[in-house]
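This report concerns only the one structure given below.
The values are calculated or read from the model by the stated rules, or taken from the named source; none is laboratory data. Treat the numbers as computed from the prediction; the structure is a model and nothing was measured. Here the Cβ positions follow ideal geometry from the backbone for every residue, glycine too, while neighbour counts run over all protein chains shown.
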Amino acid sequence: MKDSIHREITPLKENDCFLVFDRVKQDFNFPVHFHPEYELNYISNAEGARRIVGDHIYEIKGDELVMVGPNLYHGWEDFNNDPKKQIHEITIQFPHDLFSSDMLNKNILNPVKELLFHSQRGIAFSMSTIRQVKEKIVSLSQKRGFDSFIELQTLLYDLAISREQQLLTNLSFQRSPDFYNSERIEKVYNYVRENFQKKIMLEDAAQLLNMSVVSFTRLIKQRTGKSFIDFVNEIRLGFATRLLIESNKSINEICFECGFNNLSNFNRIFKKKQGSTPSEFRSSFTGMRNVY
């Protein structure tokens, strides 16, 4: 890995709508990076390579399709992949202002609006979705002019309505919340972010919305798919993973600074969510602490 997570200057010019890179290669040699553009990455024949998106690390099992939002760390690197295999990679980049807010607020484009918001945490699409849209992605690299722009919009809409999307980063790793469509959940999210270092009581959070504990618990589960304690822990983990990447603080310091009550509990929750211990996670980012 290189010495830092760097900001990439993409070839997109001010008046460009999007770029498509279609490459065949044998290895991943571009470091973890970020840029203000949205990016959609299709990768084939790279089983065993490692994907890094925000604080999410994953070994590729087969073909994959991932979307990342503006300024989210991302990169793919050689890991257990076969260096003799030819990797096929198609990357699509488009600027954050390609679709105006007025346009996205139209009812018909609401799914695309949600897709763009959720991409701030990184989205991995299912194999069934990949099979459905692969032909469009390949053809997009071959089209020109206005037809290519229409094809991009169609592709984004297909992805927006696809099932089994997986959000990759922890809630608070990206500092922009994606609860734009729920004022109550956003209010709770902001409350937890402001108090994550302290003990957070379920009763206090429920009172914040003038709800009973039972109704509040049901709301959190319905809107986030998580229990309240899991919701709080994921926000705390977002801060913890960022500190592990960007600071030299000890794991013990980070544990208590992020509101976990003891080190063993922190290690257990971290490994369950991240698939590795805090020290293992940090070692994966060794030499990549500085962001500029």
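Of note:
- Residue tally, condition aliphatic (A, V, I, L, M), more than 21 Å from LYS84 (Cα to Cα) and modelled with pLDDT of 95 or more, over the range 20-47: 1
- Only listed residue being without any contact (Cβ under 8 Å) to a residue 40 or more places away in the chain, in the same structural domain as ASN15 (by TED's automatic domain parsing), out of contact with any Asp or Glu (no Cβ under 6 Å at 6 or more places or on another chain) and of a type in the set (A, V, I, L, M, F, W, C), chosen from LEU152, LEU104, LEU116: LEU104
- The strands (runs of 3 or more DSSP E) found wholly in the range 5-94 and carrying at least 2 residues that are closer than 21 Å to GLU114 by Cα occupy 38-44, 64-68, 87-94.
- Flag if GLN197 is in the same structural domain as LYS273 (by TED's automatic domain parsing) and surrounded by fewer than 14 Cβ atoms within 10 Å (Cβ to Cβ): yes
- Every test in (1) in contact (Cβ under 8 Å) with a residue 40 or more places away in the chain; (2) surrounded by 15 or more Cβ atoms within 10 Å (Cβ to Cβ); (3) of a type in the set (A, V, I, L, M, F, W, C); (4) over 18 Å from GLU37 (Cβ atoms) is passed by ILE185 save one, and that test is (1).
- Cβ-Cβ under 7 Å pairs, at least 6 apart or on other chains, the range 124-143 side over 24 Å from ILE57 (Cβ atoms) and assigned by TED's automatic domain parsing to the domain that holds GLU47, far side surrounded by 14 or more Cβ atoms within 10 Å (Cβ to Cβ) and hydroxyl-bearing (Ser, Thr, Tyr): ILE137/TYR42; LEU140/SER148
- Residue in the range 165-178 that is over 26 Å from ALA124 (Cβ atoms), surrounded by fewer than 14 Cβ atoms within 10 Å (Cβ to Cβ) and not aromatic (Phe, Trp, Tyr) present: no
- Unmet requirement for GLY225, which otherwise passes all of (1) exposed (fewer than 12 other Cβ atoms within 10 Å of the Cβ); (2) touching a Cys at 6+ places or on another chain (Cβ under 6 Å): (2)
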